[in-house]
Ligand SMILES: Nc1ncnc2c1ncn2[C@@H]1O[C@H](COP(=O)(O)OP(=O)(O)OP(=O)(O)O)[C@@H](O)[C@H]1O
Ligand SMILES: [Mg+2]
């Protein structure tokens, strides 16, 4: 039972070799009417995102000569782009999918912090941003034509102190009753501490709000008893301190994580091979991507759309299928890392009979 060479058909779907699995097409799981209802319901939902906010900067340019000062290329800047990263990108995915979002995060007391606030406001994302003494987390990429030359990171990973954590907890408590679901977008930059997680778990138990986590490896032991975790393959392996080489090992990994942390569900995203969903049973959902241009941020799309679907009352399989479709669309786009409801609807229409999931166990 090895899983190391999936076959890709022209449609971009993959077959897991050597495993006999029960296949079900999308149309057997969700019909047009149901999808329409879920998407409509999503427009009435609001999600609270708690996590690390990042400013992503892209400087595009041309290189035609080497510097006389040092053996490095000179980039003549053509344009600069800014985008919301980390928990900001998760929030943007929710907003662009037609729902409302409240982001709780932090910035520094600097220019980039102001830029982030402006970007959030312009995109209709409500927020509370704690102003910290550390710089606003900023990742700057310098790209010559299509080649990334260097990435410059500005950050100081410092956990929230007692007073800061207290303020964040207060805001969370104030907002929890005004939202339909919660996402913890943990990029390990300091916002998500054990104390914040404990508070969120307490509130989940008290109010029963769907609470999902895009995890950071170092914090795995904090994440007990939430609705769903969405580690990628690498994060899942790290969580159990064992590299998963094939599907069988990946399934064992998932089972171990589920036993350890007792989430209601677990989704391991596996890049071009899609995702594995652990509920009572275990399913593989192949990626639906036709062409792949830019995979960054696909995980943000998965957790954003998944949480919206769950909050709108969809079950885990349907929610996974929709978020997998959304991620498959996002990776086919250059630059933008979000997807609209109409794009998912259209894709779904086209693939009702062809898109499928496979039951593994
Ligand atoms: N190369 C790819 N080809 C097709 N689909 C992809 C590819 N990469 C990602 N996807 C889609 O995006 C989803 C999430 O991808 P992935 O497992 O890479 O998450 P991730 O590592 O958390 O991403 P990131 O942290 O960059 O946001 C997958 O489940 C799949 O649907
Ligand atoms: Mg990720």
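When the range 80-113 is limited to residues that are out of contact with any helix residue (DSSP H, G or I) (no Cβ under 9 Å at 6 or more places or on another chain) and part of a strand (DSSP E or B), the one that is surrounded by the most Cβ atoms within 10 Å (Cβ to Cβ) turns out to be 108.
If you go through the range 271-308 and keep only what is outside any helix (DSSP H, G or I), buried (at least 23 other Cβ atoms within 10 Å of the Cβ) and within 14 Å of ligand 2 (Cβ to nearest atom), you end up with 275, 297. Tallying residues that are closer than 20 Å to residue 87 by Cα and in a loop (DSSP other than H, G, I, E, B) within the range 309-332 yields 1. Could you list, in sequence order, all residues of the range 211-225 that are surrounded by 19 or more Cβ atoms within 10 Å (Cβ to Cβ) and either over 16 Å from the mean Cα position of the chain (by Cα) or within 16 Å of ligand 2 (Cβ to nearest atom) (or both)? If the condition is that a residue be surrounded by 19 or more Cβ atoms within 10 Å (Cβ to Cβ) and either over 16 Å from the mean Cα position of the chain (by Cα) or within 16 Å of ligand 2 (Cβ to nearest atom) (or both), then 212, 213, 214, 215, 216, 220, 222, 223 are the ones that fit.
Summed over the range 114-135, residues that are farther than 22 Å from residue 336 by Cα, touching a residue at least 40 places away in the same chain (Cβ under 8 Å) and not in a strand (DSSP E or B) total 1. Here residue 274 passes the criteria (1) more than 14 Å from the chain's Cα centre (by Cα); (2) modelled with pLDDT of 95 or more; (3) on the phi > 0 side of the Ramachandran plot except the one numbered (1). Would it be correct to say that residue 140 is within 24 Å of the chain's Cα centre (by Cα), part of a loop (DSSP other than H, G, I, E, B), touching a residue at least 60 places away in the same chain (Cβ under 8 Å) and on the phi < 0 side of the Ramachandran plot? When the stated conditions are applied, residue 140 does not pass them. Consider the range 23-45 and keep the residues that are over 16 Å from residue 99 (Cβ atoms) and touching a strand residue (DSSP E or B) at 6+ places or on another chain (Cβ under 9 Å). The one that is surrounded by the most Cβ atoms within 10 Å (Cβ to Cβ) is 26.
I'd like the full set of residues that are within 16 Å of ligand 1 (Cβ to nearest atom), at pLDDT 95 or above and part of a helix (DSSP H, G or I), limited to the range 203-219. Within the range 203-219, 219 is the sole residue that qualifies. Is one or more of the residues making up the range 39-50 farther than 30 Å from residue 127 by Cβ and modelled with pLDDT of 95 or more? Among the residues of the range 39-50, not one is farther than 30 Å from residue 127 by Cβ and modelled with pLDDT of 95 or more, which makes the answer no.
Taking residue 91 as the residue in question, decide whether it is out of contact with any strand residue (DSSP E or B) (no Cβ under 6 Å at 6 or more places or on another chain) and either at pLDDT below 95 or under 30 Å from residue 164 (Cα atoms) (or both). For residue 91, the condition - out of contact with any strand residue (DSSP E or B) (no Cβ under 6 Å at 6 or more places or on another chain) and either at pLDDT below 95 or under 30 Å from residue 164 (Cα atoms) (or both) - is not met. Within the range 220-235, the residues that satisfy the criterion of being away from ligand 1 (no atom under 14 Å from the Cβ) and touching a helix residue (DSSP H, G or I) at 6+ places or on another chain (Cβ under 8 Å) are 220, 222, 223, 224, 225, 226, 227. Among (1) away from ligand 2 (no atom under 16 Å from the Cβ); (2) touching a residue at least 12 places away in the same chain (Cβ under 8 Å), which single condition is residue 249 missing? Looking at each condition in turn, residue 249 falls short on (2).
If you check 189, 159, 175 for being in contact with a strand residue (DSSP E or B) (Cβ under 6 Å, 6 or more places away or on another chain) and at pLDDT 95 or above, only one passes: 175.
All told, residue 359 falls short of being away from ligand 1 (no atom under 12 Å from the Cβ), surrounded by fewer than 23 Cβ atoms within 10 Å (Cβ to Cβ) and modelled with pLDDT of 95 or more. Here is the figure for the range 325-344: residues that are under 14 Å from the mean Cα position of the chain (by Cα) and more than 24 Å from residue 56 (Cα to Cα) total 1. Restricting 359, 258 to residues that are touching a residue at least 12 places away in the same chain (Cβ under 8 Å), away from ligand 2 (no atom under 16 Å from the Cβ) and over 20 Å from the mean Cα position of the chain (by Cα) narrows the list to 359.
Return the residue satisfying two criteria in turn: it lies in the range 243-270 and is closer than 20 Å to residue 210 by Cα and assigned to a loop (DSSP other than H, G, I, E, B), and of such residues it is nearest to ligand 1 (Cβ to nearest atom). Here the residue is 263. Taken over the range 241-264, the residue count meeting the criterion of being modelled with pLDDT of 95 or more and within 18 Å of residue 219 (Cα to Cα) is 10.
The values are calculated or read from the model by the stated rules, or taken from the named source; none is laboratory data. Model, not experiment: these values are computed from the prediction. Positions of Cβ are generated from backbone atoms using ideal geometry, with glycine treated the same way; all protein chains shown enter the neighbour counts.
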